[in-house]
Amino acid sequence: MRITKYTHACVRIEQGGRVLVIDPGTWSEPAALAGADAVLVTHEHTDHVDVLRLAGLGVPVYAPDGADIPRVDTVGVSSGEEFTAAGFRIRAVGGRHAFIYGGQPDCANLGYVVEDEVYHPGDSLHVPEQEIATLLVPVQGSWLKTVEAIDFVKAVAPRRAIAIHDAQLNDRGLASVNGWLGEETSHGYRYLRPGESL
C-alpha cells in the first residue's frame, strides 16, 4: 500500500491500480485527486473537503451521514459501518469532531480504518478498538495540544505514525512538534512533506 501525504490532512492511498483519497480540502493540491476512484471525507470543514473540486469529480464521495457538504452528492456513512470504497475495505469509527475553543458547534466526524492497516481520524482523537499499523496523527489544530497528540499515538500504539493536519505550522513550529513526537513516542513517527510517499 503506497501512502502519499498532501498539504494538511489530505492523504492518497494506492494499491493495485486503485486510488483512494481522504480529506482533499481547500489547502491540498489538486494532484491528490488525479485518477481517484473514491474519496473519503471525515467531516464538513473546508480544510478537509473542497466542494468545488469534488462537485465535478464523478467518483463516489463518502462522508458522515448528515454532514452539510453543499453541491456534492455524498454516500452517508455511520460510525461502526463497514463498506468498500475504490476496492478498499473501510471501517468508520468515532462520531464527533473534537471540542473546539469557545463552545463553537462541533459536527459529525468519522475516522476511517483502511484495510485494517491505516487509520485517518479526521479532527478527533478517537482510539479504535483494533490494532493499527499506520496512524495518521493530527499534529496541530485549534482543537489540539501537542501533549494530546503524543498521548493519542501512545494510546493507539501503531507500528508507525505519520503527521497530518499541519498546514498552520511554520517551519520552526513544525520542527518542535516533530521533535516532541519523535522523542516521546516509540511508534516509528515520521513527517512526510506534501507529495512524499512511503
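The values are calculated or read from the model by the stated rules, or taken from the named source; none is laboratory data. What you see is a predicted model; the values in this text were computed from it and never measured. When we count neighbours, we look across all protein chains shown, and the Cβ atoms used for this are built from the backbone with ideal geometry, even at glycine.
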**Asked** If we scan segment 107-123, do we find a residue that is surrounded by 16 or more Cβ atoms within 10 Å (Cβ to Cβ), farther than 15 Å from Ala9 by Cβ and free of Cβ contacts under 8 Å to residues at least 24 places away in the same chain?
**Response** yes
(Q) Can you find a residue that is surrounded by fewer than 21 Cβ atoms within 10 Å (Cβ to Cβ), under 30 Å from Ala34 (Cβ atoms), under 14 Å from the mean Cα position of the chain (by Cα) and of a type outside the set (Lys, Arg) anywhere in segment 147-164? (A) no
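Hey, which of the strands (runs of 3 or more DSSP E) in segment 63-115, taking only ones fully inside, have at least 1 residues that are in contact with a Ser or Thr (Cβ under 9 Å, 6 or more places away or on another chain) and under 12 Å from His43 (Cα atoms)?
Working: elements: 75-77, 82-85, 88-96, 108-114.
Once the strands (runs of 3 or more DSSP E) in segment 63-115 are filtered for at least 1 residues that are in contact with a Ser or Thr (Cβ under 9 Å, 6 or more places away or on another chain) and under 12 Å from His43 (Cα atoms), what remains is 88-96, 108-114.
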Selection over segment 165-180 where residues are buried (at least 16 other Cβ atoms within 10 Å of the Cβ) and among the polar types (S, T, N, Q) yields a count of 1
Residue count, segment 43-62, condition of a type outside the set (Val, Ile, Thr), at pLDDT 95 or above, part of a loop (DSSP other than H, G, I, E, B) and exposed (fewer than 14 other Cβ atoms within 10 Å of the Cβ), comes to 1
Counted residues in segment 125-138 being in contact with a His (Cβ under 6 Å, 6 or more places away or on another chain) and under 19 Å from Phe99 (Cβ atoms) come to 1
Problem - Flag for Gly87 being surrounded by fewer than 19 Cβ atoms within 10 Å (Cβ to Cβ), of a type outside the set (S, T, N, Q), at pLDDT 95 or above and out of contact with any Leu (no Cβ under 9 Å at 6 or more places or on another chain) - result: no
